[in-house]
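One structure is given below, encoded as structure tokens.
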Amino acid sequence: MSQTRQVPKFKFLTTFVLPALLIFLVPVLSYFFFWHAQSRFDARLRESILTQIRADRNLSQEQRAQAIEFFTEMPVSRLLEIEQFAASLPSDTRFYYATFHWMIVLSAASILVGVGVFLLTGLCVVLSLASPFVQYLSLSVGWHVLRIYGALQTIVQGILLVALSFWVTALWFNAYSVKLILVTGVLALVAVGLVIAAIFRRIKDDFVVVGQVIEKDEGGPIWIELRRICGLVGTELPDQLIAGIDDNFFVTEQPVTVGDKTYRGRTLFVSLSLLKQLQGGEADAVLAHEMAHFSGQDTMYSQKISPLLNRYSHYLQALHEGGVTLPIYYFMLCFRALYQLSLGKFSRHREFRADRIAVATTSVRDVAGALLRTVAYSTYRTSVERDLFKQEQALETANVSERIEQGFHQYATRFVSGPDIGNLAPAHPFDSHPPLAQRLQAIGMHLESEEVQSLLATPGDGRWYQYIPAAEQLEKEQWQQFEEGFRQYHEQSLPFRFLPETDEELAIVVKWFPPITFESKQGTLALDHEKMAFDKWPAPIRYAELTNLTLKDNGVLQMSYERQGKQTQSLPTSKFAGPQEVLGAIQHYYGRYLAAVAYQKQKKQEAASPDATATGAGSTPAS
């Protein structure tokens, strides 16, 4: 997408830092609770021992006073360190004290290690601002420390939660819930399993690109021109060139998969659709900018850092799914956000450097025109896709390319005078780019200047497009594939928008959500797009009437609905041959209805407040 999204100012603290501190919640509560529990047991045993001392007739007055003073000042928990005294206590009492002791130790260790990791990873973030190489090293160290810490914290906090689930009720209410302990234990085990699996899971780092590899041909026009650009920039030719229809240009040294083949080394991706719209000098500037990334070893560091970030993301996902690991997830997320500040700094530095090299090899005007035209194209293409996707009827053809061809030049001529375009940035699969206004200012141009206002007045000549063999046929084939996928996805989305009011809308919904039935010994369950019925029920239940669905432990689905007051019905899903299939179908059909209700509500709100919808670039699900 081409519009940048910024975290609101002054929100970093509440969005990332404060939630990260939740990692200390369970250890701190456990620490104080088990100190409290140990103190209560100390008080009870002290009182019992003192009662025995006061009643012991064999003690002299002086011995009794000394014994009372000793046991009053010395907690029983400390006396347990004396083997002879510990042996005099019942085994269950010794076990309780051992539990308190180890829970206090685990809590304290969890807190201290957490503070240490917080400081260490914070130092790594600070150091990462020094240089790209230090950034990679610090991110690598930080990642390894955090993932091990996350796994250990998951285990420790799981143990603490299980202990709390028993002792909180046992100590304060003289009772305990086996169900609560079991549920907590299962949740803790699931969380540990997810996190451990995430550590050892092999992550697929495949980078799949849709496009056509242009074979290296020493005499081919495209390779001759690329060699000229590389000579000006001072770098070697890329190992492979991929031509596609995405709205961006990029380079990478990561392995790239095109079709069923993986390519290694330096890869340059060019957009056929954009090359067609660019002036020859603007395309020179774009390619000089991309080759400059190779000359600065930018792609080498990206190649090393990207797998780390990918593994970090998968680990975060496991923590988020772990339930009880959410505090650890927020802790890890905080440092991921802090690292992003460092990543963003060097990403901006790389882009400004590449722009300067592009200016030196072409001209300020060419670089400015390239920036404006690529951002304008990306913005316009997104708006075309969004407008098509909004249509509430099946598309015979998704003519995205045709619409762009017909309307882009007219759009481009007024693009520069549009509001807030200075905050837009070119699309890119890896890096975030500085806003357009900053990049123009860095090369000595200003959006408000007359020169900038006139840069897009002339259509592009597509000179570089003509350098690519069979470019028109390649582009046409790729657009056909993209548009067919877009059309299918659009059609599949329509049922989730309609509460059918016309025969056409009803036909679309029924096509994707036809009536289905499930048989059981107790009766037949029938579902369609608006209701469900079961033989045991007096009448079908419409989705519009449902207020709550609850699955009981015995597999019974309890349904609450409004029909002349509150009513309930139940469905014994366990009696069906495939209970999960039944539940999945109900969720799918009822979920479609809820999605349609939400869509229609949003549609009415947008109709009542036209300014509520953004007019800039946005990303459709298909793009």
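Values quoted throughout were computed directly from the atomic coordinates according to the rules given, and no laboratory measurement underlies them. Because the structure is a prediction, the values reported are computed rather than measured. Here the Cβ is made from the backbone with ideal geometry for all residues, glycine too, and neighbour counts use every protein chain on show.
Per-structure values
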read-out	value
Distance between modelled label sites at ASP461 and VAL210, nm, 7 Å Cα→Cβ extension	3.2 nm
Cα centroid separation - segment 580-601 against segment 60-76, whole Å	72 Å
Reach of LYS536 by Cα under 26 Å, taken over lysines that are not fewer than 8 positions away in the same chain	LYS521, LYS552, LYS566, LYS575
FRET efficiency for GLN63 and ALA98, using Cβ-Cβ distance with R0 set to 45 Å, rounded to 0.05	0.90
Relative contact order, percent, segment 12-200 [alpha-carbon distance under 8 Å, six or more residues apart]	22 percent
Cα centroid of segment 119-143 to Cα centroid of segment 11-34, whole Å	24 Å
Computed over segment 480-543: relative contact order in percent, which uses C-alpha pairs under 8 Å that are six or more apart	17 percent
Segment ALA360-GLU448, extension gain: residue separation times 0.36 nm, minus the distance between their alpha carbons	29.4 nm
Coarse-grained scattering of the chain at q = 0.06, 0.07, 0.11 Å⁻¹, given as base-10 log I(q)/I(0) from a Debye sum over alpha-carbon atoms	-0.52, -0.68, -1.22
Proximal lysines to LYS390, defined as alpha-carbon separation beneath 21 angstrom and excluding residues fewer than eight positions away on the same chain	LYS511, LYS601, LYS603, LYS604
At R0 = 45 Å, FRET efficiency that the Cβ-Cβ distance of ILE111 and GLU321 yields, to 0.05	0.95
Gain upon complete extension [VAL186, ALA539; 0.36 nm per residue less C-alpha separation]	123.1 nm
Label-point separation, GLU73 to LEU123 (7 Å along Cα→Cβ), nm	4.2 nm
Ranked THR413, THR547, criterion: other C-beta atoms within 10 Å, fewest first	THR547, THR413
Computed E for VAL178/LEU506 - FRET, C-beta separation, R0 56 angstrom, nearest 0.05	0.60
Relative contact order of the chain, pairs being alpha-carbon contacts under 8 Å that are 6 or more residues apart, as %	14 percent
Part-to-part distance (alpha-carbon centres) for segment 236-273 and segment 152-231, which is given in Å	28 Å
Exposure proxy ranking, count of Cβ atoms within 10 Å, fewest first, for THR524, THR184, THR93	THR524, THR93, THR184
Protection proxy ranking, peptides 353-364, 100-111, average beta carbon neighbours within 10 Å, highest first	353-364, 100-111
Under the span-like rule (Cα at least 27 Å along the axis, Kyte-Doolittle mean at least -0.5), DSSP H helices of the chain	25-55, 91-127, 132-173, 178-200, 326-361, 364-390
Helical contribution to [θ] at 222 nm, DSSP H n ≥ 4, -39,500 (n - 2.57), averaged over the chain, rounded to 500	-20500 deg cm²/dmol
